[in-house]
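S.K.: Pasting a structure here, questions to come.
Each reported figure results from applying straightforward, stated rules to the coordinates on display, with no laboratory input. Source: prediction; values computed, not measured. Please note: Cβ atoms are built from the backbone with ideal geometry, for glycine as well, and neighbour counts cover all protein chains shown.
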């Protein structure tokens, strides 16, 4: 099974990380692939629902990835972070620096573009 699964919607590309663990040995490579896989999409939704564990290096790489997205003015959302990981993110005050969404669906709604009038 590939560790990334992509699904395109009109308003965003969902990239699902099919990894149980995101660690120092995999984080930089996987998150670089996420950035590449998101090229050309109007927005990125990074679905973390399958990730059960992240070490400190992986969290740091996630911060670097989101910084690159912000610098490129690319809308993004980290979706479906498991409760223990979300608790850790809150403890580290990452919700101030990173964009989180409860679900992929709420992220898709967030990125919906209003209809153009013609």
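S.K.: With axes computed from alpha carbons, what is the tilt in degrees of helix 56-71 against the longest principal axis of the chain, rounded to the nearest 10 within 0 to 90?
M.R.: Taking Cα atoms only, the helix is inclined about 20 degrees.
S.K.: Sorting 92, 86, 54 on the 10 Å Cβ count, fewest up front, what's the list? Could you put the intermediate results ahead of the total?
M.R.: Details: 92 14, 86 17, 54 23.
Least to most surrounded, the residues fall as 92, 86, 54.
S.K.: Here's a follow-up. Relative contact order of the chain, please, whole-number percent, based on alpha carbon pairs below 8 angstrom and at least 6 residues apart.
M.R.: Values: 175 pairs, mean separation 30.6, N = 118.
So the answer I get is 26 percent.
S.K.: Further, regarding this structure: Using 0.36 nm per residue, how much length does the chain from residue 68 to residue 109 gain when fully extended, once their Cα-Cα distance is taken away? Before the final figure, lay out each step's value.
M.R.: Details: separation 41, 0.36 × 41 = 14.76 nm, distance 2.31 nm.
Length difference between fully extended and current span is 12.4 nm.
S.K.: What is the helix-to-structure angle for 27-37, meaning the angle in degrees between its Cα long axis and the longest Cα principal axis of the chain, kept from 0 to 90 and rounded to the nearest 10?
M.R.: For 27-37 against the chain, the angle is about 10 degrees.
S.K.: Can you compute the FRET efficiency between residue 18 and residue 93 using 1/(1 + (r/R0)^6), with r the Cβ-Cβ distance and R0 = 41 Å? Round to the nearest 0.05. Kindly include the intermediate steps, with their values, before the conclusion.
M.R.: On the way: r = 28 Å, r/R0 = 0.69.
So, using R0 = 41 Å, E works out to roughly 0.90.
S.K.: Sticking with this structure for a sec: Rounded, prolate or oblate, given the Cα gyration tensor of region 4-109, with a/c below 1.5 counting as rounded?
M.R.: Details: a/c = 1.39, a/b = 1.28, b/c = 1.08.
Since a/c stays below 1.5, the shape of region 4-109 is classed as rounded.
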